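The values are calculated or read from the model by the stated rules, or taken from the named source; none is laboratory data. A quick note: this is a predicted structure, and the numbers were derived from the prediction, not measured. Neighbour counts run over all protein chains shown; Cβ positions are idealised from the backbone, glycine included. Areas reflect the complete protein model, heavy atoms only, side chains present, ligands, DNA and RNA absent. Shrake-Rupley method; radii C 1.70, N 1.55, O 1.52, S 1.80 Å.
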Amino acid sequence: MAEPKANVVMEKIVSLCKRRGFIFQSSEIYGGINGFWDYGPLGAELRRNIRDSWWNDMVRSRDDVVGLESSIIMHPKVWEASGHVAGFTDPMVDCKVSKQRFRADQIYFSPVIVDGKTVSYVCALESDRIAEELQESAETYKRKKAIQGKLEPVQPREFTEARPEEIPLVPSPATGEPGSLTPPRAFNMMFQTYVGALRDESAIAYLRPETAQGMFADFKAVLDTGRVKIPFGIAQIGKSFRNEITPRNFIFRSREFEQMEMEFFISDEDDWQKWHRYWIDWCRDWLISIGLPASEISEYNHPKEKLAFYSKGTTDLMFRYPFGVQELWGIAARGDYDLSQHAKFSGTALGYFDEATKRRYVPHVIEPAVGVDRILLAILCSAYHEDQMPDDKGKMETRVLLKLHPRVAPIKVAVLPLLKNKPNLVSKAQEVRDLLRKHMNVFYDDTGAIGRRYRRQDEAGTPFCVTVDFETFEGMKEGPLAGQSDTVTVRQRDDGKQERLPISGLLGWLMERIR
Ligand code: ATP
């Protein structure tokens, strides 16, 4: 069964995150608040490394993308123009008995049909095995009620498609009994607040549900700086807020999260499909460059009939999380909808004048939009490993390790004096720490047996451990560095392999591997 195994893996990851200081529940001392998370010392570093890698590759390494940091609260008209006030809704369903809330598009149901006659209904929550779960429930129902005849294969449908007369017949996912689900109703996911001292309609504002609108609202301001020419992109990293009906799967779906979005503006006459493909490939390659396995990434093309009317095409990069294959990164071709809407609502012309052709037009846009937290979770899920390694006494034990790519690993190198009570070992180790610290995040640890210290770093995903021992002073007794002093042992996390390096070459050796 896929489900319990997935739960076990997720439980292990959640527990490691708490124990080692990657992720904590927000406000935990007050009982927590659903859908909000805090990043501890290791999590904050990991997150920063993801952001920095993206910014470096998306903005700094390119001539055709510039950065932006727009405000979280914008003029409320921005959200009217973008369509969020009217349409940023999810279909919400209440279970009147359990008081639980569901997203109607995450509940699936099917009639149980025996010998051509509907005898009942079954339901299942969104997962990788919707059809199988519904079929199993239908078979169980038939067996329990001792119904004779031929059971037809289930026909899964979203609860959003349930006909009014079917709604009271579909069992609630909370209770398993029919009759308690309400019809779906639109629930706007934007967080509202008031700006200024008055608390009336005129003061209503919203916490942004996406960063993208900042790029459209500032399009003209960026264009007027004169640094950019079509095709070009504006990129931004920042917090977004959505009052999700069912935050779940750890940090996968939260109410406060961080997005990295880029709006790439192209000519209305350019081949949008070429650019769309270009950005899908770019995003996929980038995920691989920070250590996600290519085998766990797939593509999902949104069917034409489910796209917004203005959308030309949307492709999601999907990742195989332990709880199923889910959207990680959406790459949307949005035509000229956003700029045209803002031009209409603001009364400001948001066109582009092409000097070469002397033609004015409204650019079209390709938008790769991704959540930092979803990347971070994908990284943790694929990096989590357990293997067998000998302990200090040579006895095999289970080791937990995070095989993080050195680019994103929170700690790049741990510096360990073999013994804490030998001043020369300690001062040399501190010297090595200070040498490296200017260039990378270093962790100094002198407590406990060396094997235990290695294990602690394995769990934190630290790719390298540097040990200062007696041979550092006495000189190497054998091997290629025989007779040489001022050398250290470098241990690699994944295979535990150790090699001896002169301290003078250590920085260069590490820099080559963490870039
Ligand atoms: P979903 O269908 O999962 O709700 P979406 O299609 O609404 O996502 P977009 O509006 O396209 O998502 O947002 C772009 C990206 O932002 C997503 O691909 C995802 O990585 C991230 N994201 C969206 N909602 C959340 C959330 N509630 N928590 C964490 N990340 C999110």
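Normalised by 2.2 N^0.38 Å, where N is the number of residues, the alpha-carbon radius of gyration of the range 201-354 equals 1.15. Using θ = phi - 60° in the Karplus curve 6.51 cos²θ - 1.76 cosθ + 1.60, the 3J(HN,Hα) couplings for the range 325-338 round to 7, 9, 5, 10, 9, x, 10, 10, 9, 9, x, 9, 4, 5 Hz; x is entered for Gly and Pro. Both numbers refer to the Cα atoms of the range 364-515; Rg and Dmax are 17.4, 68 Å.
For the range 280-389, the solvent-accessible area with a 1.4 angstrom probe is 42 square angstrom per residue.
Measuring nothing but how far apart in sequence close Cα pairs (under 8 Å, 6+ apart) lie, relative to its length, the chain scores a relative contact order of 12 percent.
In this structure, the amide hydrogen of SER240, modeled 1.01 Å from its nitrogen in the peptide plane, lies closer than 5 angstrom to those of PHE257, GLU258, GLN259, counting only residues at least 5 positions away or on a different chain. With coordinates expressed along the principal axes, the C-alpha atoms belonging to the range 336-412 extend over 77, 29, 17 Å, beginning with the largest. Amide H contacts for TYR206 (H built 1.01 Å from N in the peptide plane; partners 5 or more residues away or on another chain; cut-off under 5 Å): MET74, THR193. Pairwise Cα separations in the range 86-205 fall into 5 Å bins from 0 onward with the following percentages, short to long: 2, 11, 18, 18, 15, 10, 7, 5, 4, 3, 2, 2, 1, 0.
Of the GluC sites (Glu not before Pro) found in the range 275-326, none is in coil by DSSP with at most 13 other Cβ atoms within 10 Å of its Cβ. Could you tell me the relative contact order of the range 338-450? Use alpha-carbon pairs under 8 Å, at least six residues apart, and round to a whole percent. Answer for the range 338-450 is 16 percent. When the chymotrypsin sites (Phe, Trp or Tyr not before Pro) in the range 234-340 are filtered for DSSP coil states and for at most 11 other beta-carbon atoms within 10 Å of their beta-carbon, the remaining sites are PHE309. For the range 255-360, trypsin sites (Lys or Arg not before Pro) are listed when DSSP marks them as loop and at most 12 other Cβ atoms sit within 10 Å of their Cβ; the list is LYS358. Starting from a Cα-only point model with no solvent, please compute log10 I(q)/I(0) by Debye for the range 86-137 at q = 0.14, 0.26, 0.29 1/Å. Debye output, listed in q order: -0.48, -1.03, -1.09. Looking at this model, which pairs from LYS395/LYS497; LYS77/LYS220; LYS18/LYS239; LYS229/LYS274; LYS18/LYS393; LYS393/LYS428 are more than 20 angstrom apart at the alpha-carbon? Exceeds cut-off: LYS18/LYS239; LYS18/LYS393; LYS393/LYS428.
Each residue of the range 490-504 was assigned a 3J(HN,Hα) from its phi angle through the Karplus curve 6.51 cos²θ - 1.76 cosθ + 1.60 (θ = phi - 60°); the sequence is 10, 10, 9, 4, 5, 10, x, 5, 10, 9, 9, 10, x, 4, 4 Hz, with glycine and proline shown as x.
In the chain, helices alone account for a calculated mean residue ellipticity at 222 nm of -9000 deg cm²/dmol, with every DSSP H run of four or more residues adding -39,500 (n - 2.57).
Looking at the range 37-167, the accessible area is 52 square angstrom per residue; that uses a 1.4 Å probe and ignores ligands, DNA and RNA. Sequentially through the range 258-273, phi angles give Karplus couplings (6.51, -1.76, 1.60; θ = phi - 60°) of 10, 10, 10, 10, 9, 9, 9, 8, 10, 5, 5, 9, 6, 7, 5, 5 Hz, Gly and Pro residues having no value and appearing as x. For the chain, the fraction of 1.4 Å probe accessible surface lying on carbon and sulfur atoms is 51 percent.
Near the amide H of TYR384, within less than 5 Å, lie the amide hydrogens of LYS403, all on another chain or at least 5 residues away, with H placed in the peptide plane. Calculated accessible area for the range 408-515 comes out at 46 Å² per residue, all protein chains present (probe 1.4 Å; ligands, DNA, RNA ignored).
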